[in-house]
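Heads up: the structure comes next, in structure tokens.
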Amino acid sequence: MKNLITTFFAVILAVIAHAQGIRFEDSLNWKQITDKAKMENKYIFMDAYASWCVPCKEMDANTFPKKEVGDFINERFVSVKVQMDQLKNDNDKVKSWYVDAKEISGKYEVSAFPTILIFNTSAELAGKILGFRDANELIAEAKKIIEDSEAFEPKYRAYLAGKNDSAYVKALVVEADRIGRKGLAHTLAQKYINNLSESELFKPHNLVFTYVHTSKSTDRGFKIFRNQAKKADDIFGPKFRRPSKRLVDKIIYGEEIEPYAKSGNADWEKILSTIKKKYEALDDEYYYGIRMYYASENKLWDEFGKFYALYYKTAFNHSAYHINNISWWVAQYVNDPSVLDVAVNTMKYNNEHYDMDNAGAWDTYANLLYKAGRKAEAIAAQEKAVELSKNGKEFVDTLEKMKAGAKIW
């Protein structure tokens, strides 16, 4: 009887705690949520979670039930929980959200959990909160998102009313991006760019703006940086290492290859046929680069080493990829001496011309030398890394291992 009474009161306390916390809508679909928010002039608080996510469960247990959280959120938000993954035994409510959950996940780039999505009264994204938050942190960040959103709205209305000088529009784009309105930021940026004459677009400040806000093959900037790369690169200057090619390659990779990256099952004949058809030319160097990057994303290390060597035999001085980051994978996972030689020469060029003051780049170079059996040169390079890092512990430890002839990878 005593155990039953204890259990009963525990359940009652849990129910009371839940009632004091955030009131999540359990029976409304996405359209009904947005309609309710608009009718009640409230923001939308969406807990985008995954069934396996431990921090999500911790927020369910320790943050959402808090009275102070409920008091703040319930007054200002219509709240809903949305499961983003799919399980065989999902209930009908979870299943009813499958389509909307998938669209929301893609549109708002939900890739880590928990993610709190906050929408304004018009169901436009106003901000994100990523990761576990305690009660005070959640309230503070949600409050800041509301304040930023409400400060942005009159500025946006002024733009719609005709305030569209270049400085104002650029500042508005930056602010929209900062508060999480990335779709709007992109739309505003493209309208501004599309209204520029070609001579105006190639003014340095406008060209930089165009570069930063070009993310799709349909953007005007993509065509500029693809078809007039030399003209654009001459304006950027040689220290940026063919930025036009890097941007174009990145966009093509994202649109044509990235969809396969997570599966590890790319149909290269089909991919290359599509790319050649859409973009006409596809040189060997680009092909080697995308195969190298794809292999690194999927941890196919033998394939990665092969295409790394093919790519950097010609691209060492104009890489479309971050040389230090991509070469680190060679130091960690590739043993082929011919690939190591290419990586050593690539990092040597990189450190002499671009990363001469970067401790991490010298550390990568030293690791490659050491793995290639060039111990004395490796120690000298690692000493440079230690010096640049001001005796950073990680770099000092690696140096001591090299001196002792110990394994470092």
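The values are calculated or read from the model by the stated rules, or taken from the named source; none is laboratory data. Note that the coordinates shown come from a computational prediction; the quantities given were computed from them, not determined experimentally. In this analysis, Cβ positions are derived from the backbone assuming ideal geometry, glycine residues included, and neighbour counts consider all displayed protein chains.
Could you name every one of the helices (runs of 4 or more DSSP H) located completely within the range 1-98 that has at least 2 residues being buried (at least 17 other Cβ atoms within 10 Å of the Cβ) and modelled with pLDDT of 95 or more?
It comes to 30-40, 54-62, 67-76.
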Between a first residue in the range 234-249 that is outside the structural domain of Ile290 (by TED's automatic domain parsing) and among the hydroxyl-bearing types (Ser, Thr, Tyr) and a second residue that is surrounded by 16 or more Cβ atoms within 10 Å (Cβ to Cβ) and in a helix (DSSP H, G or I), which pairs have beta carbons less than 9 Å apart while being 6 or more apart in sequence or on different chains?
Ser244/Tyr211; Ser244/Ile224; Ser244/Phe225; Ser244/Arg226; Ser244/Ala229; Ser244/Ala232; Ser244/Asp233; Ser244/Phe236
Identify, please: which residue in the range 355-372 is hydrophobic (A, V, I, L, M, F, W, C) and not in a helix (DSSP H, G or I) and is, among those, nearest to the chain's Cα centre (by Cα)?
Met356
Pull out all pairs, ordered by first then second residue, where Cβ-Cβ is under 9 Å, the residues are six or more apart or on different chains, the first lies in the range 161-183 and is at pLDDT 90 or above, and the second is of a type in the set (Asp, Glu).
Glu175/Asp148
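Would you be able to tell me the number of residues in the range 343-357 that are closer than 26 Å to Lys230 by Cβ and surrounded by fewer than 21 Cβ atoms within 10 Å (Cβ to Cβ)?
5
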Which residue out of Glu303, Glu269, Glu297 is acidic (Asp, Glu) and in contact (Cβ under 8 Å) with a residue 24 or more places away in the chain?
Glu297
Among the listed residues Ile116, Ile145, Ile139, identify the single one that is buried (at least 19 other Cβ atoms within 10 Å of the Cβ), modelled with pLDDT of 95 or more and of a type in the set (Val, Ile, Thr).
Ile116
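To keep it simple, each residue is scored yes or no on (1) surrounded by fewer than 17 Cβ atoms within 10 Å (Cβ to Cβ); (2) assigned to a loop (DSSP other than H, G, I, E, B).
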position	(1), (2)
Lys299	yes, yes
Phe304	no, no
Phe307	no, no
Leu310	no, no
Ile326	no, no
Ala331	no, no
Ser338	yes, no
Asp341	yes, no
Go over the candidates Tyr333, Tyr294, Tyr311 one by one and state the one that is within 23 Å of the chain's Cα centre (by Cα) and of a type in the set (Phe, Trp, Tyr).
Tyr294
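Just a yes or no: is a residue in the range 223-241 hydrophobic (A, V, I, L, M, F, W, C) and closer than 16 Å to Tyr192 by Cβ? I'd like the intermediate steps shown before the answer.
Taking the range 223-241 first, the residues hydrophobic (A, V, I, L, M, F, W, C) are 224-225, 229, 232, 235-236, 240.
Add one more test, that the residue is closer than 16 Å to Tyr192 by Cβ, and what stays is 224.
Yes, the range 223-241 has at least one match.
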Scanning for something farther than 14 Å from Arg181 by Cα, crowded, with 17+ Cβ neighbours inside 10 Å and either in the same structural domain as Ile73 (by TED's automatic domain parsing) or touching a helix residue (DSSP H, G or I) at 6+ places or on another chain (Cβ under 6 Å) (or both), does the range 121-130 turn up at least one residue?
no
